[in-house]
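The values are calculated or read from the model by the stated rules, or taken from the named source; none is laboratory data. On a predicted model such as this, the values are computed, not experimentally measured, just so you know. Positions of Cβ are backbone-derived with ideal geometry, glycine not excepted, and every protein chain shown enters the neighbour counts. Just so you know, the surface numbers come from the protein's heavy atoms only, side chains and all, with ligands and any DNA or RNA stripped out. Shrake-Rupley method; radii C 1.70, N 1.55, O 1.52, S 1.80 Å.
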Amino acid sequence: MIARRFLIGAMLAWTFATATAFAVEPDEMLDDPVLEERAREISAGLRCLVCQNQSIDDSNAQLAKDLRVLVRERLVEGDSDEQVLDYVVSRYGDFVLLKPPMKPSTYLLWFGPILIVALGILALIAIFRQRGAAMIAVESLAPAALSDDEKNRLAALLDETDTIDKTGGSA
Amino acid sequence: MPLDQTRQPPPKRLLFLLPVAVFGVLAVYFAVGLTKDSRRLESVLINTPAADFQLPAIKGRANPDREWGLETADFKGEVTLLNVFGSWCIACQVEHPFLMQLKQTSDVPIHAIDWREEDLDAGPNWLKHYGDPYALVGDDPVSKAAIAFGVTGAPETFIVDKQGVIRYRHIGPMNAEVWDDTIYPLVQELRKQ
């Protein structure tokens, strides 16, 4: 029973592992493992134009397959990784890159989150400073210690109240 | 004791408005960004020369005077349309009657890329069945020309001017409305240049 379960588990694991690994078909692969590795890396960074949240390395779409083949053909012809990417971007725009490039039009995208966090920290500092100042202000408004004269008067007044309470005087 | 002195100064109104302003800006961004269809990408190839490509003719359309069925040079000299279709493409079937109608009523030559056919007969048979509205047709089984034109799906239609420069791309089936409102006015304008 346990062995059977293990077998089923192993089979499922195998199915999922192969299903999610990649969409590259054996006949697309290059014989040169170094070139193939570069091709895989480039493909993983290129968006499939059909299934837009997948890379062409993951996608089974026909257009993705043709793009994978194109990437490999260009590598075989001696293109650098850069040149291959540049060609695809020249046809489809920056949208085809899964990682957006750093350039003036994307600065907001790259630095926006940092900017917002920085603004938040500044706001926090401002708020704490303001509160600190308010606390100091409150403390400085605290009355000075009682003078001896005042202490005596206070004691006398308290005594008076006690006496009234003890004698059952009305509150 | 004058307690008023312990009160904080009245908060600056502007500071209270800040979150509202941030919300407003985000709302505008989302309103634009989330309603934009990312499948209808602006082509980056508008106003650039059509890519250098050569495609063989589809079966039955071979012309002994021509080396290729469709090539870049075919787009020079007059304003032309380039239609990307495939026999596998349902939306192309929807568009097709309108292209047949254009063949009768308009004087704009329509060239075509027969894209990603599984076999040599699929495209020609489809055109035999539904009618052939095209001037020249190139066979593009592995997306060579399609990628060069930045095609993301079928049908797509490009307007190419006399100098062979891509001027417009329409994604999806063309119809009378698109033709009358956008494509034909642009073709006429480009013809004057």
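Within the range A:53-169, the proportion of C-alpha pairs whose separation exceeds 20 Å stands at 72%. Solvent-free Debye calculation, one equal scatterer per alpha-carbon of the range A:17-100: log10 I(q)/I(0) at 0.15 Å⁻¹ equals -0.47. Bridging of B:LYS59 to aspartates and glutamates at a Cα separation below 15 Å is possible for B:GLU67, B:ASP114, B:GLU117, B:GLU118, B:ASP119, B:ASP121, B:ASP132, B:ASP139, B:ASP140, once same-chain residues fewer than 8 apart are set aside. Shown for chain B: the carbon plus sulfur share of the solvent-accessible area, taken with all protein chains present and a 1.4 angstrom probe, equals 59%. Counting Lys and Arg as +1 and Asp and Glu as -1 over every other residue whose Cβ lies under 12 Å from the Cβ of A:VAL84, the net charge comes to -2. Calculation over all alpha carbon pairs of the range B:132-193 in 5 angstrom steps from 0 returns a P(r) of 4, 14, 23, 25, 22, 9, 3, 0 percent. Ranked by solvent-accessible area (1.4 Å probe, protein heavy atoms only, all chains present), the residues B:LYS76, B:LYS162 order from largest to smallest as B:LYS76, B:LYS162.
Averaged over peptide A:93-99, the number of partner chain Cβ atoms lying within 10 Å of each residue's Cβ comes to 2. Among B:GLU71, A:GLU77, B:GLU189, the sequence by solvent-accessible area, most first, with a 1.4 Å probe is A:GLU77, B:GLU189, B:GLU71.
Over the Cα atoms of the range A:107-166, the radius of gyration divided by the Kirkwood radius equals 1.57; this is the Rg/Rh ratio.
Axis of helix B:13-35 versus longest Cα principal axis of chain B: the two differ by about 10°, to the nearest ten degrees. In this assembly, the B-A interface accounts for approximately 1900 Å² of buried accessible surface in total, computed with a 1.4 Å probe and without ligands, DNA or RNA.
Bridging of A:LYS103 to lysines at a Cα separation below 29 Å is possible for B:LYS36, once same-chain residues fewer than 8 apart are set aside. Packing here is the average count of other Cβ atoms within 10 Å per residue, and on that basis the peptides B:123-136, A:86-99, B:19-32, highest first, run B:123-136, A:86-99, B:19-32.
Measuring only protein heavy atoms, the 1.4 Å probe finds B:ARG66 accessible over about 70 Å². Peptide B:140-152 has a mean shielding of 4, counted as Cβ atoms of other protein chains within 10 Å of each residue's Cβ. Mean partner shielding of peptide A:153-161, defined as the number of other chain Cβ atoms within 10 Å of each residue Cβ, is 0.
Per residue, the range B:128-193 exposes an accessible area of 40 Å² to a 1.4 Å probe, with every protein chain left in place.
Entry for the range B:52-193 at q = 0.12, 0.13, 0.20, 0.21 Å⁻¹: log10 I(q)/I(0) = -0.43, -0.50, -1.29, -1.43, Debye formula applied to identical alpha-carbon scatterers, no solvent contribution. Across every pair of non-identical alpha carbons in the protein assembly as shown, the mean reciprocal distance, once inverted, gives a Kirkwood radius of 27.0 Å.
Could you tally up the Lys pairs in the range B:65-189 with alpha carbons closer than 21 Å? Skip any pair fewer than 8 positions apart unless they're on separate chains.
So the count works out to 5.
Averaging the Cα positions of each part gives two centres, and for the range A:99-169 and the range B:116-193 these lie 71 Å apart.
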